[in-house]
Amino acid sequence: MNDVTKVNRQFRWTLILFIIMIVSSIAAMILANLFMRDEYQYIVHFAVLLFLLFLIIRFKNRFDQITNISYIIKIRSHAGNPIKMVQTQKMNDYPSFLQKKDYVKFAQDKDHSLFYRITQDEIKKIFRKHILEVVVILSENVDGFYLDQVNEEIGKIQQQKDNIRFKMDRLLITQIKPIEDLTEKVKDEIKEIIFIKTTGISLFLKSNTTIISTINVGLHQSSSNAVLLYSDTYSPSLYYKYHIDQIKKIL
């Protein structure tokens, strides 16, 4: 059984279970109307409504989880080729290049440097907000691509900028690291990308979609190729396509 079949089966069984529980709740309300006095009917109706609210939230989270897994599976099945390195050929000059592209250096230590920029969302035309774009340059000695301090630093940026003017619910992270040998372990680390898309409903019934995209890039200097898991033929979102286009411009 391949990954696509597995995720489709998970979605199907989750949907069936959700429908069964909805139908059972409606049946409980109907039976209460038929066989209970009015004061007990209200109690049952209220209890069922609370249960349905909990059910919808729980199953929505599960559907989001399955959907986000399916995004990664489809990206892997439509993976693109390595990208030729241009700007990243000389890593000593790379920070200056990023700053010319309006990136601001936020943090630096022996393991990494973090740059960010805030751009206006040109994809969503209504209720337009901003996109937080982050570029992390990792030391070759770092194990893997994920550092705890990077999450902390991004959180600090969001706290500083998350106001009416810079309301951001699109986060695009590019993690770049030089690599000597393209081993299977390194390939697996590069493939550990993230694409999360969740939609919530506010009290005013306004839809609020959050998108987080993290893509790892291995700079294989000996071949002048940037190795990353991406797709040119499949895109789970216009923001994913935007992210890939921006990565190509800075590599």
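Annotations
- Correct choice for P(r) over Cα pairs in 10 Å bins from 0, in percent that was computed from the model, options (i) 6, 24, 27, 23, 13, 5, 1; (ii) 6, 23, 25, 18, 13, 10, 5, 1, 0; (iii) 6, 24, 29, 19, 11, 6, 3, 1: (iii)
- Candidates per trypsin sites (Lys or Arg not before Pro) in the range 33-99, loop by DSSP, up to 13 other Cβ within 10 Å: 37, 90
- By the count of neighbouring beta-carbon atoms within 10 Å, fewest first, 251, 172, 50, 55 end up ordered 50, 55, 251, 172.
- Sparse-neighbourhood loop sites, chymotrypsin sites (Phe, Trp or Tyr not before Pro) in the range 61-154 - DSSP loop, at most 11 other Cβ within 10 angstrom: 127
- Residue-wise HN-Hα couplings along the range 105-111, as the Karplus relation 6.51 cos²θ - 1.76 cosθ + 1.60 with θ = phi - 60° gives them from phi, are 6, 10, 8, 7, 8, 5, 9 Hz; Gly and Pro carry x.
Every number in this text was worked out from the coordinates using simple rules, so none of it is lab data. Because the structure is a prediction, the values reported are computed rather than measured. Cβ coordinates were reconstructed from backbone atoms using ideal geometry, including for glycine residues, and neighbour counts include every protein chain displayed.
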